[in-house]
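Chemist: Pasting in a structure now, in structure tokens, and then I'll have a few things to ask.
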Amino acid sequence: MAAPDHLFNLRNNFYLGSYQAAINNSDLPNLSPDDAIERDCIVYRSYIALSSYQLVINEIDSSAATPLQAVKLLAQYLSNPHEKESTIASLKEWLADPAIGNNATLRLIAGIVFMHEEDYIEALKHTNTGGTMELHALNVQIFIKMHRSDYAEKQLRVMQQIDEDHTLTQLANAWLNLAVCGSKIQEAYLIFQDFSEKYPMTGLILNGKAVCCMHMGNFDEAETLLLEALNKDAKDPETLANLVVCSLHLGKPSSRYLSQLKLAHPEHILVKRAASAEDSFERAVQSVA
Amino acid sequence: MMKHYTRPSVGRCIRSEVRFCGGLTVGEERKKMLTKFETKSNRVKGLSFHSKRPWILASLHSGVIQLWDYRMGTLIDRFDEHDGPVRGVHFHMSQPLFVSGGDDYKIKVWNYKLHRCLFTLLGHLDYIRTVQFHHEHPWIVSASDDQTIRIWNWQSRTCISVLTGHNHYVMCASFHPKEDLVVSASLDQTVRVWDISSLKKKTASPVDDILRLSQMNSDLFGGVDAIVKYVLEGHDRGVNWAAFHPTLPLIVSGADDRQVKLWRMNDTKAWEVDTLRGHMNNVSCVMFHSKQDIIISNSEDKSIRIWDGTKRTGLQTFRREHDRFWILAVHPEMNVLAAGHDSGMIVFKLERERPAFAVSGDSLFYAKDRFLKYYDFSTQRESQALTIRRPGSTTLNQSPRTLSYSPTENAVLICSDVDGGSYELYVIPKDSIGRGDSSQEAKKGLGSSAIFVARNRFAVLDKGNNQVLIKNLKNEVVKKSGLPVPTDAIFYAGTGNLLCRSEDRVVIFDLQQRLVLGDLQTPFVRYVVWSNDMESVALLSKHTIVIANKKLVLQCTLHETIRVKSGAWDDNGVFIYTTLNHIKYCLPNGDSGIIRTLDVPIYMTKVSGNTIFCLDRDGKTKTIVIDATEYIFKLSLLWKRYDHVMSMIRNSQLCGEAMIAYLQQKGFPEVALHFVKDEKTRFKLALESGNIQIAVASAKEIDDKDHWYRLGVEALRQGNAGIVEYAYQRTKNFERLSFLYLINGNLEKLSKMLKIAEVKNDVMGQFHNALYLGDIQERVKILENAGHLPLAYITASVHGLKDVAERLASELGDDVPPLPEGKEPSLLMPPAPVTCGGDWPLLRVMKGIFDGGLDSIGRGAVDEEEEDAGGDWGEDLDVVDVDGLQNGDVTEILEYGEVAEENEEEEGGWDLEDLELPPEVDTPKASGGARSSIFVAPTPGMPVSQIWIQKSSLAAEHAAAGNFDTAMRLLSRQLGIRNFAPLKSMFLDLHTGSHSYLRAFSSAPVVSLAIERGWNESASPNVRCPPALVFNFSQLDEKLKAGYKATTAGKLTEALRLFLGILHTIPLIVVESRREVDEVKELIIISKEYVLGLQMEIKRREIKDDMVRQQELAAYFTHCNLQTPHLRLALQTAMIVCSRAKNWATASNFARRLLETNPTNENQAKMARQVLQAAERNMTDAAQLNYDFRNPFVTCGATYVPIYSGQKGVSCPYCTARFVPSQEGQLCTVCDLAVVGADASGLLCSPSQIR
């Protein structure tokens, strides 16, 4: 029998969006040094997911291991958009360093950063070889972002071959199902449903289910799920964004959610899209007139 | 008896010879027998099943006949009157009788109810081998070593026929189950079939029998009653057994030639059909199975063999190590067999009778014959789901053993023992339920158990490697996982978990974490039943039920003497289970009890309220309604729901010693009180519960000294002085009573006691009372009267009763005792009572036991509430504990901090290692280099929104895709729209609503997903549908209704806003069908009319001074196409306005039109009639209006002047409003969107228009 996977719960909590639970339950005994580093990475990444960037920047000092340094870099990138050029520069510098350039976590962070930069080609340059489930999952997401579900599917195949029941495999499968739409939406829904039966409900799972419902045209159920998610976290950007969309479809007022979102997450893609839409409306009026 | 030694049989010799060969084992499949019951005894030679009760008779070589209950496993009775071995025994079908025959040549008929032998039939001249009752006539057939078969009438107790012909020992003889035939087997190597129909004709009246008896001698040789019909020759050694088939004209026989032979007969002849070879020694007995097409034989080779009746091949062999088999019995109705051997007997089954089933929510799936059946608990309807493999007939027990069902995938796993353990996976087609005719090729695999562990994953146990294979629905191995304990079966334990069973324990194993979540020592678990919420599990063993929580923490263990069969959880968390003969319950605290008895075993599938759903042994679904009162009552007690308990006591029939004992034992004597009628028990319970009132009432009823005494003790304990007093009074315990008065300070009563003592002449009592009362004179008097003069004197003198002292002194004369000297005389005086508790409160009449009872229950409930409050307190304490914990946490956190520090230190150490690491890291670098050089990133694909645009010429879809300029161009071209400002929010909403947001990888940018319209289950992936739009037709419909409502209510601006809103949304609406397109177009017209009308009406209200214009606008408004109620309002307004302006002619026209609409509002009609009347008097108009109602017209949307038919006008390309020609090129004032008179191709709002 293989050794128990001590980090299983931690990872799962992290992947499924129970960041606080991941942080709270990270005090695991008898970890191997490698596991301990992975543990720390996940904890710090959970803090990042909770937007506690400064905590991460402060706690990881220069003596920490490469993966942790990479995590710190991500915190720096996300916390300070004005200095992202310097962050990206040091990221590139590290990636070029043969000693650490191949570190999986560093590559993962690179992928995430370049995704934010919308430089998918650069992101893929570092992530495409995979090596960890996380890298593969990120690849799936990058390909989805690039509207290349065919490539995403190939990545998913790889993941399925490694471990079909891995949480990330299941998640990536759900992402892809949502991206390709059609009958696959049901499968995505079932995957989130499985998660909700097996693990404590999180905003991420609820949002996943809600998105499936919306895509199946069931906006009433989506709203119920989203309101449940809003109860868990009133400031969750995706919950708010999806509630805006859902309310629009239900013919209900959506402006409050939108203003909440604008206040709390001015950088959210929905806010940006709305702003650019307004611009393009004015421009279009000009051009048509 | 001596004859035994002179027996010339060859067979006997072989028997002793082969004893040594018995040990040889043959390489044959060895199967475990499904033994139900086993006895150890002397050699069993005869067996007989009772047809109705679970009883079996075993006659022993020792001469004893045993009557066993094989279900309970108990010896019911033994009958020991035969001298020497009893070889034959048989139950009567309907009477409480059985017959036995032994080596003492005696046939005995017994009544088992009376426990005695009724009579003995004598006549045989040698050992009797078998005896058998006829199924309808009062006959017994017996076979004997005297070479004869005899038929007896057990009513007349005479022999009615002797069948001669065999020329060696007759080893067995039996009646045919239906026809007038007897079959016999003999060591003369033949089987004979006898015709006894003539016997039947001479209907056996006792008189006949006596007559017959006289003829007997002549019949003895060549008798005519029974004649040999066939002699079956074929065995070449002595035949030990022959038996008829229950329905077919077949005979089976077994002989010392080790063969079993099958014979067939018809009316004229009988012939050998086949020979079954396989036994290694003398075949002692052979029979047909009563239900199945199989033959069972046993032999002195220590084996039982099962043969296929049609194929005549061996199906199975059961062996014993040391015991030769002698006899078999087949139950006439049930699937149970028995075999007698050298050291006892066994009762066994050939095949399991439990149908394999799986419960999921409201559905039950179970296997029956070759069908998978589906049963809906709510509708109680059953249907066939699909056809499954036919159970193989090469061996027994191949039918499905377990079922596992995945509701989401509608897939079923069926496990059986085929091929030493295998499973089959079927997916039930959705539409086939109810048809059940679909038969599909199952996916198969080997494995001793297989269960679903997730929606689309199942686990298969690979016992050999002690691992499980996780497979997907394609039957492909997805994962392998070793198991933490040697496992011989796996069960479901929640998604992703397995419950692994080993010999003496079960564990719950998480397949993903590879962690043992729980571990429990149990007896060998057979079935696992999870509660509906998956929080509790019941582990059923043969005689034990273990209840545990989902982490396998033991809750309680129950032992049963009878085998446990099945169970299910009810909604209250009570485990309901069945044993062989009972339905029972088990409460969460381990209390159990019987709900009802069962005639036949059932397999429970679900409990819902009072209804138990179950399957029987024939695989039929059944429901049983049970009385749940008792366990619900106990459960309520357990949960301290006293209100419920009370109402149950009031409303239901709960009684019985058991319940009282239970309540008492569980510490609820006050509740038990209400079930008891017996006063002594009531008294006891009342004392126990401290209910003194009831105790008094009972004590009065009982009225004996002991009970009064015990009442007094309890009352005293409670400090209820009144009852103590009453109790003492009733027992006439004056001393205690006095003392009670003393301590109560009840001096009055005390003095009464003194009087009573005086009357009773109880000097000591008198003295005590006087002493208690501090009455010195009385004391002196008592002492004096009692003759204790010195004492009386001393008492008197000490207390200063000089007169008395002197009188006594004189009486004493010289004997005056000296008073103690040097001491201050201070004598004890009882203290004066502070209060006097001397009331007599108890003689109030009890209102009746029940009232009192309920009162006390009420009180009990209050007490319990207090207890509950106590519970709260307990929680308070818990809170303190939590505080403690939190403190603990703080220290933990502190520790954690330290650990963290240590970690940091360690990491400091790591730095050094890091420095050493680079060479190692170098290796993968090569591949790193490789990746960047070889990998070519794919070009980005096309966003869905772009696909939307490509396909569409619908403005709304372009807007949703964010391509506002093309959307606008489309609208401009189609509808002539130039003013887009009113459409801005619609554009933005469409765009915003077109995508949903999915948080995928943590911290990576969120994925926005295009929401598509018209999704359905069978849509193929990757084929893009048009975008989902936030506006739809039904919303507009609602807006229209709201607009009407606002109009009716007179909220004109609100109404106008709504109708304009409709007009502003329609350009961006998309509908599916042509019909809907027409509806949309219609909606434009309706809205346009209202917008125009409302605009005019609002305008009219604004004009205050120009009466003519007011009238005109009001008049035009009535020509808008409105709903009737609104038209009435418009007409009414116009009518009023015109009347006011004395334009009676016009007003009367409006009034007439109003009346034509048949107004429902009486006021309106009345007003119209008044106007008409007024107008009739003066049919003129005061002012000239630009209004000619006789000439049809439309109103210009901008200038509000009529455009009569024939006059020139231009229209809005979108809303179709008409305008005077001068408005051409202006923005339409009605819809505020399009340019009047602009070119436009027309509304395009549906893909159906394009196709």
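Chemist: Among the numbered criteria (1) among the aliphatic types (A, V, I, L, M); (2) part of a loop (DSSP other than H, G, I, E, B); (3) farther than 30 Å from residue B:1084 by Cβ; (4) without any contact (Cβ under 8 Å) to a residue 40 or more places away in the chain, which single criterion is violated by residue B:1182?
Modeler: Result: residue B:1182 fails condition (4) only.
Chemist: Kindly list, by first and then second residue, each pair from a residue in segment B:780-798 that is over 17 Å from residue B:758 (Cα atoms) to a residue that is at pLDDT 80 or above and among the aromatic types (Phe, Trp, Tyr), limited to pairs with Cβ atoms under 9 Å and residues at least 6 apart or on different chains.
Modeler: From segment B:780-798, no pairs qualify.
Chemist: Determine which member of the set B:595, B:602, B:612 is closer than 23 Å to residue B:663 by Cβ and either touching a strand residue (DSSP E or B) at 6+ places or on another chain (Cβ under 6 Å) or not aromatic (Phe, Trp, Tyr) (or both).
Modeler: From the options B:595, B:602, B:612, the qualifying one is B:595.
Chemist: Another question about this same structure. Return a yes/no flag: does segment B:484-494 have any residue that is in contact (Cβ under 8 Å) with a residue 60 or more places away in the chain, assigned to a strand (DSSP E or B) and within 14 Å of chain A (Cβ to nearest Cβ).
Modeler: Yes, segment B:484-494 contains at least one residue that is in contact (Cβ under 8 Å) with a residue 60 or more places away in the chain, assigned to a strand (DSSP E or B) and within 14 Å of chain A (Cβ to nearest Cβ).
Chemist: To continue, here is another question. Identify the single condition in (1) crowded, with 16+ Cβ neighbours inside 10 Å; (2) within 30 Å of residue B:379 (Cα to Cα); (3) touching a Ser or Thr at 6+ places or on another chain (Cβ under 8 Å) that residue B:576 does not satisfy, given that it satisfies every other one.
Modeler: Unmet for residue B:576, out of (1) crowded, with 16+ Cβ neighbours inside 10 Å; (2) within 30 Å of residue B:379 (Cα to Cα); (3) touching a Ser or Thr at 6+ places or on another chain (Cβ under 8 Å): (3).
Chemist: Next up: Just wondering, is there one or more residues in segment B:462-477 that are touching a residue at least 40 places away in the same chain (Cβ under 8 Å), at the interface with chain A (Cβ under 8 Å from one of its Cβ atoms) and surrounded by fewer than 21 Cβ atoms within 10 Å (Cβ to Cβ)?
Modeler: The answer is no; no qualifying residue exists.
Chemist: Continuing with this model, one more query. Filtering segment B:510-525 down to residues that are under 15 Å from residue B:551 (Cα atoms) and of a type in the set (Val, Ile, Thr), which residue is farthest from the other protein chains (Cβ to nearest Cβ)?
Modeler: Taking the candidates together, the pick is B:522.
Chemist: How many residues are basic (Lys, Arg) and surrounded by 20 or more Cβ atoms within 10 Å (Cβ to Cβ) if we restrict to segment B:237-273?
Modeler: Summing the residues that are basic (Lys, Arg) and surrounded by 20 or more Cβ atoms within 10 Å (Cβ to Cβ) in segment B:237-273 gives 2.
Chemist: Right, something else. Looking at segment B:621-634 only, could you name the residues that are part of a loop (DSSP other than H, G, I, E, B) and either in contact (Cβ under 8 Å) with a residue 40 or more places away in the chain or among the aliphatic types (A, V, I, L, M) (or both)?
Modeler: B:626, B:628
Chemist: What's the number of the condition residue B:452 fails, among (1) within 14 Å of chain A (Cβ to nearest Cβ); (2) assigned to a strand (DSSP E or B); (3) farther than 21 Å from residue B:375 by Cα?
Modeler: (3)
Chemist: Pick from segment B:723-779 the residues that are closer than 25 Å to residue B:687 by Cβ and in contact (Cβ under 8 Å) with a residue 40 or more places away in the chain: which of them is surrounded by the most Cβ atoms within 10 Å (Cβ to Cβ)?
Modeler: B:741
Chemist: Which one of the conditions (1) surrounded by fewer than 16 Cβ atoms within 10 Å (Cβ to Cβ); (2) among the acidic types (Asp, Glu); (3) over 60 Å from the mean Cα position of the chain (by Cα) does residue B:678 fail to meet, given that it meets all the rest?
Modeler: (3)
Chemist: Could I ask something else about it? Select from segment B:1008-1022 the residues that are surrounded by 19 or more Cβ atoms within 10 Å (Cβ to Cβ) and of a type outside the set (Phe, Trp, Tyr) and write down the one among them that is farthest from the other protein chains (Cβ to nearest Cβ).
Modeler: Per the stated criteria, the residue is B:1010.
Chemist: Okay, moving on. Can you tell me which residue in segment A:40-69 is farthest from the other protein chains (Cβ to nearest Cβ), limited to those that are part of a helix (DSSP H, G or I) and over 22 Å from residue A:94 (Cα atoms)?
Modeler: That would be A:55.
Let's see how each residue does on (1) in a strand (DSSP E or B); (2) at pLDDT 90 or above; (3) acidic (Asp, Glu):
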| site | (1), (2), (3) |
| --- | --- |
| B:534 | no, no, no |
| B:539 | yes, yes, no |
| B:545 | yes, yes, no |
| B:548 | yes, yes, no |
| B:573 | no, no, no |
| B:577 | yes, yes, no |
| B:584 | yes, yes, no |
| B:588 | no, no, no |
| B:593 | yes, no, no |
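Chemist: Could you please give the count of residues in segment B:973-994 that are of a type outside the set (A, V, I, L, M, F, W, C), facing chain A (nearest Cβ under 7 Å) and buried (at least 21 other Cβ atoms within 10 Å of the Cβ)?
Modeler: 4
Chemist: Kindly indicate the residue of segment B:33-71 that is charged (D, E, K, R) and over 45 Å from the mean Cα position of the chain (by Cα) and also surrounded by the most Cβ atoms within 10 Å (Cβ to Cβ) among those meeting that condition.
Modeler: B:45
Chemist: Mind listing whichever residues of segment A:117-130 are surrounded by fewer than 20 Cβ atoms within 10 Å (Cβ to Cβ) and either more than 9 Å from chain B (Cβ to nearest Cβ) or of a type in the set (A, V, I, L, M) (or both)?
Modeler: A:117, A:119, A:121, A:130
Chemist: Filter segment A:234-259 for residues that are surrounded by 18 or more Cβ atoms within 10 Å (Cβ to Cβ) and farther than 22 Å from residue B:1032 by Cβ; which is nearest to the other protein chains (Cβ to nearest Cβ)?
Modeler: Restricting to residues being surrounded by 18 or more Cβ atoms within 10 Å (Cβ to Cβ) and farther than 22 Å from residue B:1032 by Cβ, the top hit is A:238.
Chemist: Exactly one condition in (1) under 30 Å from residue B:1098 (Cβ atoms); (2) within 8 Å of chain A (Cβ to nearest Cβ); (3) surrounded by fewer than 13 Cβ atoms within 10 Å (Cβ to Cβ) is not met by residue B:1041; state its number.
Modeler: Here residue B:1041 clears every test but (2).
Chemist: Restricting the first residue to segment B:950-972 and requiring it to be within 12 Å of chain A (Cβ to nearest Cβ), which pairs with a second residue that is among the basic types (Lys, Arg) and assigned to a loop (DSSP other than H, G, I, E, B) meet a Cβ separation below 9 Å and a spacing of at least six or different chains?
Modeler: What qualifies is B:972/B:978.
Chemist: Scan segment B:1193-1206 residue by residue and report those that are part of a loop (DSSP other than H, G, I, E, B) and at pLDDT 85 or above.
Modeler: If the condition is that a residue be part of a loop (DSSP other than H, G, I, E, B) and at pLDDT 85 or above, then B:1196, B:1197, B:1198, B:1199, B:1200, B:1201 are the ones that fit.
Chemist: Hand me the list of helices (runs of 4 or more DSSP H) wholly inside segment A:132-232 holding 2 or more residues that are farther than 18 Å from residue A:244 by Cβ, more than 7 Å from chain B (Cβ to nearest Cβ) and of a type in the set (Gly, Ala, Ser).
Modeler: A:167-180, A:184-198
Chemist: Of all residues in segment B:998-1007, count the ones that are surrounded by fewer than 24 Cβ atoms within 10 Å (Cβ to Cβ) and not in a loop (DSSP other than H, G, I, E, B).
Modeler: Summing the residues that are surrounded by fewer than 24 Cβ atoms within 10 Å (Cβ to Cβ) and not in a loop (DSSP other than H, G, I, E, B) in segment B:998-1007 gives 1.
Chemist: If you don't mind, another one. Within segment B:1023-1037, which residues are more than 8 Å from every other protein chain (Cβ to nearest Cβ), buried (at least 16 other Cβ atoms within 10 Å of the Cβ) and free of Cβ contacts under 8 Å to residues at least 40 places away in the same chain?
Modeler: Once the filter is applied, which keeps residues that are more than 8 Å from every other protein chain (Cβ to nearest Cβ), buried (at least 16 other Cβ atoms within 10 Å of the Cβ) and free of Cβ contacts under 8 Å to residues at least 40 places away in the same chain, segment B:1023-1037 yields only B:1032.
Chemist: Specify the residue that is modelled with the lowest pLDDT; the eligible residues are those in segment B:925-945 that are assigned to a helix (DSSP H, G or I) and more than 9 Å from every other protein chain (Cβ to nearest Cβ).
Modeler: Here the answer is B:926.
Chemist: I would also like to ask the following. Could you please let me know if residue B:748 is modelled with pLDDT of 80 or more and over 60 Å from the mean Cα position of the chain (by Cα)?
Modeler: Judged against the criteria, residue B:748 is not a match.
The values are calculated or read from the model by the stated rules, or taken from the named source; none is laboratory data. As the structure is a computational prediction, the values presented were derived from the model and not from experiment. Note that we place each Cβ from the backbone using ideal geometry, even for glycine, and neighbour counts take in every protein chain shown.
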